[in-house]
Number of protein chains: 2
Amino acid sequence: MAAPDALAQRLADSGLRSTPQREVIYDVILRKRDHPTADEVYARVRADMPSISLATVYNCLETLVQCDLVRAVNFERAPTRYCPNLHPHAHFHDEQSGSIHDIQLPAELLEKISSVLPAGYDAKSVQITFRGSASSPRLESAERRGKAQPAA
Amino acid sequence: MAAPDALAQRLADSGLRSTPQREVIYDVILRKRDHPTADEVYARVRADMPSISLATVYNCLETLVQCDLVRAVNFERAPTRYCPNLHPHAHFHDEQSGSIHDIQLPAELLEKISSVLPAGYDAKSVQITFRGSASSPRLESAERRGKAQPAA
DNA sequence: GCAACAAATTGGAATGGTTCTAAGTAGCAA
DNA sequence: TTGCTACTTAGAACCATTCCAATTTGTTGC
Ligand SMILES: [Mn+2]
Ligand SMILES: [Mn+2]
Ligand SMILES: [Zn+2]
Ligand SMILES: [Zn+2]
């Protein structure tokens, strides 16, 4: 047995197998670090593996989410999107273009946010979503300075 | 013409009529200040108005949201819930009970949150959702002290 | 290698909240 | 009245997702 990559390792930890379908789906999500829907993942994966089924795409995405290799994110009631960024971060939904941008959150801010919870509330996760418009030119320079990661 | 109530006024401002259906739906949402789904609103409204249709409930809820009389809130891909609390606030989703609690946010924190956006990002709204568990006894006393409003 | 068994994939059907459509009803204006 | 528009309604349609039953694939013990 060869040295297992991160995916195979994480799957094995959960008693699951590394399959060609899971590998190509994980690759596709890591390659282009945007926030594709299951349909978009399906379309991209079919370039490499034309025989894969949409049901399998859904099954594999759920597996990857449960193994903490990918995050599922929802905006309103739109189709679920999948995010390869595992660090705690917020999302900015650009209503003009429909694109999603990751927004880094200082740990200090996360603490302040959690501290607004009254006694007795125990939050396992916090989700922060901005909605608005992002002007592209300034945006790109801000990203180049490392203030935010672009994500379609 | 008699003095119009808040609902009639707001509808008139948008060039819309105050109908019995819109009135009863708005009343039902204000009466019990939880976060009902359209189906739950439908069930409650039928007590007063058995002939109302579910399509009308959806139509009226959308109207109320567009007139800024009610807020629509989404959790994952669960059915949309409707919130009568118009002040800026976060939501705590208790995974055990499925109940939603309003969490008040200090204006100071809202400013800090918006300040994490890089230049070029213009947010029209921010949505903050906690997920976890809330222990009922402590919760009630915290609420009595005014730290949070209960909401089913 | 070969059974036996379990895990994973697959196509297609089903689900379910929401939206759409077309027909009917109700209120307002000339 | 008559017309005009807004509103409501029942049921069909939509569509992302889940479910199902059948097949394929992989693993384990011999
Ligand atoms: Mn959008
Ligand atoms: Mn829940
Ligand atoms: Zn992300
Ligand atoms: Zn609320």
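The values are calculated or read from the model by the stated rules, or taken from the named source; none is laboratory data. The model shown is predicted, which means the values in this text are computed figures rather than measured ones. Using ideal geometry, Cβ is built from the backbone for each residue, glycine included, and neighbour counts are taken over all protein chains shown.
Can you find even one residue in the range A:59-69 that is away from DNA strand C (no atom under 14 Å from the Cβ), closer than 22 Å to residue A:5 by Cα and within 14 Å of another protein chain (Cβ to nearest Cβ)? The answer is no; no qualifying residue exists.
Scanning the range A:114-132 for residues that are closer than 11 Å to residue B:130 by Cα, surrounded by 17 or more Cβ atoms within 10 Å (Cβ to Cβ) and under 22 Å from the mean Cα position of the chain (by Cα) yields A:123, A:126, A:127, A:128. Determine whether residue B:139 is modelled with pLDDT of 95 or more, hydrophobic (A, V, I, L, M, F, W, C) and buried (at least 19 other Cβ atoms within 10 Å of the Cβ). The answer is no for residue B:139. Here residue A:83 passes the criteria (1) in contact with a helix residue (DSSP H, G or I) (Cβ under 9 Å, 6 or more places away or on another chain); (2) at pLDDT 95 or above; (3) surrounded by 13 or more Cβ atoms within 10 Å (Cβ to Cβ); (4) farther than 24 Å from residue B:116 by Cα except the one numbered (4).
Within the range B:73-114, the set of residues being within 11 Å of chain A (Cβ to nearest Cβ) and at positive phi comprises B:76 only. Picking from residues in the range B:10-51 that are more than 13 Å from DNA strand D (Cβ to nearest atom) and among the small types (Gly, Ala, Ser), the one that is nearest to residue B:101 (Cα to Cα) is B:43. Only one of the numbered conditions (1) within 15 Å of ligand 4 (Cβ to nearest atom); (2) farther than 30 Å from residue A:88 by Cα is violated by residue B:26, and that is (1). In the set A:27, A:34, only one residue is assigned to a loop (DSSP other than H, G, I, E, B) and either away from chain B (no Cβ under 14 Å) or among the β-branched types (Val, Ile, Thr) (or both); that residue is A:34. Restricting the range B:14-24 to residues that are in a helix (DSSP H, G or I) and more than 11 Å from residue B:69 (Cβ to Cβ) leaves a set whose member that is nearest to DNA strand C (Cβ to nearest atom) is B:20. The residue that is nearest to ligand 4 (Cβ to nearest atom), counting only those in the range A:61-99 that are touching an Asp or Glu at 6+ places or on another chain (Cβ under 7 Å) and part of a strand (DSSP E or B), is A:91.
Residue count for the range A:86-119, restricted to those that are within 16 Å of DNA strand D (Cβ to nearest atom) and at pLDDT 95 or above: 3. Taken as a whole, the structure leaves residue A:65 outside the set of residues that are among the aliphatic types (A, V, I, L, M), within 19 Å of residue A:130 (Cβ to Cβ), more than 16 Å from ligand 2 (Cβ to nearest atom) and touching a residue at least 12 places away in the same chain (Cβ under 8 Å). Annotation note: of A:13, A:27, A:39, the sole residue that is modelled with pLDDT under 95 and not small (Gly, Ala, Ser) is A:13. For the range B:115-136, the criterion of a residue being assigned to a loop (DSSP other than H, G, I, E, B), within 9 Å of chain A (Cβ to nearest Cβ) and within 16 Å of ligand 2 (Cβ to nearest atom) is satisfied by no position.
Just one of the listed residues (B:17, B:44, B:71) is touching a strand residue (DSSP E or B) at 6+ places or on another chain (Cβ under 6 Å) and away from ligand 1 (no atom under 16 Å from the Cβ), and it is B:71.
All conditions but one from (1) surrounded by fewer than 19 Cβ atoms within 10 Å (Cβ to Cβ); (2) farther than 29 Å from residue A:107 by Cβ apply to residue A:74; the one that does not is (2).
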